[in-house]
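Since the structure comes first, as structure tokens, the remarks are kept for the end.
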Amino acid sequence: MADLLARLVARRQDLYAELSRTGDFRRGTLTIVYRRCGKPSCRCRQPGQAGHGPQHLLTTRVAGRGRSRSVHPGAELRRVSAQIDNHRRFRTLVRELVEVNERICEARLQLHRP
């Protein structure tokens, strides 16, 4: 049991180290949209036309309300996409950290039982 506890504590330390290397992150999703403008004679109104775009939108929820903003293609889009990926990685690490901590708590209870 002591060997298991030592491995779990080492894994927890590894997870803390990984968390510290996560980098910038943000919640949200990126979507691609095509929009139609209000001009009746515009090409976007023609049958079979997708509309103006593609436009990349970052969508998040803040205080229960949806928020969207445009993200420019190129460097900004790559940065935002990486930040969203980092958030997914952060959530995965936190989930695993909680599981490891729970196992550590159980192992310590087992070690100190009379």
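The values are calculated or read from the model by the stated rules, or taken from the named source; none is laboratory data. No experiment lies behind these values; they were computed from the predicted model shown. Positions of Cβ are generated from backbone atoms using ideal geometry, with glycine treated the same way; all protein chains shown enter the neighbour counts. Note: areas computed on protein heavy atoms with side chains; ligands, DNA, RNA excluded. Shrake-Rupley method; radii C 1.70, N 1.55, O 1.52, S 1.80 Å.
Of the heavy-atom accessible surface of segment 74-114 (probe 1.4 angstrom), what whole percent is carbon and sulfur? Don't skip to the answer; put the middle values down first.
Details: 1540 of 2940 Å².
Roughly 52 percent, rounded to a whole number.
Rolling a 1.4 Å sphere over the protein heavy atoms, what is the accessible area per residue of the chain, to the nearest Å²?
Details: 8280 Å² over 114 residues.
For the chain, the solvent-accessible area averages 73 Å² per residue.
Quick check for you: which residues of segment 26-40 have the amide N under 11 Å from the point 7 Å beyond the Cα of residue 50 toward its beta carbon?
32-35
With label points built 7 Å along Cα→Cβ from the Cα atoms of residue 17 and residue 4, find their separation and express it in nm.
Using points 7 Å along Cα→Cβ, the separation is 2.5 nm.
From the phi of every residue in segment 107-114, what ³J(HN,Hα) in whole Hz does the Karplus formula 6.51 cos²θ - 1.76 cosθ + 1.60 yield, where θ is phi - 60° and glycine or proline is x?
5, 5, 5, 5, 5, 9, 6, x
Of the labelled options (i) 1.29; (ii) 1.00; (iii) 1.06, which one gives Rg/Rh (Cα atoms, Kirkwood Rh) as computed for this structure?
Entry (i).
For the chain, what does the helix formula give at 222 nm: sum of -39500 (n - 2.57) over DSSP H segments with n ≥ 4, over the residue count, nearest 500 deg cm²/dmol? Before the final figure, lay out each step's value.
Working: 2 runs with 56 residues, N = 114.
Counting only the DSSP helices, I get -17500 deg cm²/dmol.
Find how much the distance from residue 110 to residue 42 grows on full extension, using 0.36 nm per residue of separation minus their present alpha carbon separation; answer in nm with one decimal.
17.2 nm is the gain from fully extending residue 110 to residue 42.
Choose one of 54, 109, 73: the residue whose Cα lies farthest towards the positive end of the charge dipole of the chain (beta-carbon charges +1 Lys, Arg; -1 Asp, Glu; about the Cα centre).
Farthest towards the positive pole: 54.
State to the nearest 20 debye the size of the charge dipole of segment 17-100 about its Cα centre, where the only charges are +1 on K and R beta carbons and -1 on D and E beta carbons. Could the numbers behind the result be given before it?
Numbers: 18 positive and 6 negative charges, 117 e Å.
I would put it at about 560 debye.
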